[in-house]
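Peer 1: Got a structure here, written out as structure tokens. Questions coming.
What follows is calculated from the coordinates using simple rules that are stated; it is not laboratory data. The shown structure was predicted, so the numbers you read here are calculated from the model rather than taken from an experiment. Heads up, the Cβs are rebuilt from the backbone with ideal geometry, glycines too, and the neighbour counts pull from every protein chain shown.
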Amino acid sequence: MSLSMYQASVPAFIHALTNLSSILTKAASYAEAKKIDPSVLVNARLAPDMFPLSRQVQIATDIVKGGVARLAGVEVPSFPDTETNFAELQARIAKIISFL
């Protein structure tokens with residue numbers, strides 16, 4: 001990947017993933033404050049035909065890692081989509097940022 005492609009994409013991806021991580025932190029804090037089982041939020045959908053939050057995070061991270069790997073000409077890393085709680089989703093985001 002050329003330096004200009006890196007500069008045009010990776011900082012924006014890191015910014016977006018950092019924001020996503022912050023949203024998950026706020027959601028976990030909200031669940032704790034309101035005494036809501038966190039899995040309710042992790043499995044929540046904004047609309048009936050949408051994926052749950054956990055799958056939305058998996059898709060977002062897959063798009064970022066796939067795009068950057070293809071731009072760099074390296075193999076796309078594979079992570080299983082097994083996250084079921086906020087800590088696991090945060091760990092997935094951290095792995096992707098580390099890859100970037």
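Peer 1: Is there a quick way to get the dipole size of the chain? I mean about its Cα centre, with the Cβ of Lys and Arg at +1 and of Asp and Glu at -1; what is the value in debye to the nearest 20?
Peer 2: Computed about the Cα centre, the dipole is about 180 debye.
Peer 1: Could you calculate the FRET efficiency of K34 with F99 from 1/(1 + (r/R0)^6), where r is the beta carbon distance between them and R0 is 30 Å, rounded to 0.05?
Peer 2: So the FRET efficiency works out to roughly 0.30.
Peer 1: So the label point goes 7 Å from the Cα of M5 along Cα→C-beta, right? Which residues of the range 35-69 then have their backbone N under 19 Å from it?
Peer 2: 62-69
Peer 1: On to the next question. The list (1) 2.10; (2) 1.17; (3) 1.92 gives values of Cα Rg over 2.2 N^0.38 Å, and only one came from this structure; which label was calculated from it?
Peer 2: The value computed from this structure is option (2).
Peer 1: Check cross-link reach from K26 to the lysines: straight Cα distance under 18 Å, and skip same-chain residues fewer than eight apart.
Peer 2: Those lysines meeting the cut-off are K34, K35.
Peer 1: Please sort 88-97, 24-33 by packing, taking for each peptide the average over its residues of neighbouring beta carbons within 10 angstrom, highest first.
Peer 2: So the peptides 88-97, 24-33, ranked by packing, come out 88-97, 24-33.
Peer 1: Assign unit charges at the C-beta atoms only (+1 for Lys and Arg, -1 for Asp and Glu), then state the dipole size of the range 28-83 relative to its Cα centre in Debye, rounded to the nearest 20.
Peer 2: 140
Peer 1: Any idea what the relative contact order of the chain is, in percent, if you count C-alpha pairs under 8 Å spaced at least 6 apart?
Peer 2: Answer for the chain is 34 percent.
Peer 1: Using θ = phi - 60° and the Karplus curve 6.51 cos²θ - 1.76 cosθ + 1.60, what whole-Hz ³J(HN,Hα) does each residue of the range 38-44 get, with Gly and Pro shown as x?
Peer 2: Couplings: x, 5, 4, 6, 4, 9, 6 Hz.
Peer 1: Which lysines, on any chain, are close to K95 with Cα under 16 Å apart, when same-chain ones fewer than 8 places away are left out?
Peer 2: Leaving aside lysines fewer than 8 places away in the same chain, those within reach of K95 are K65.
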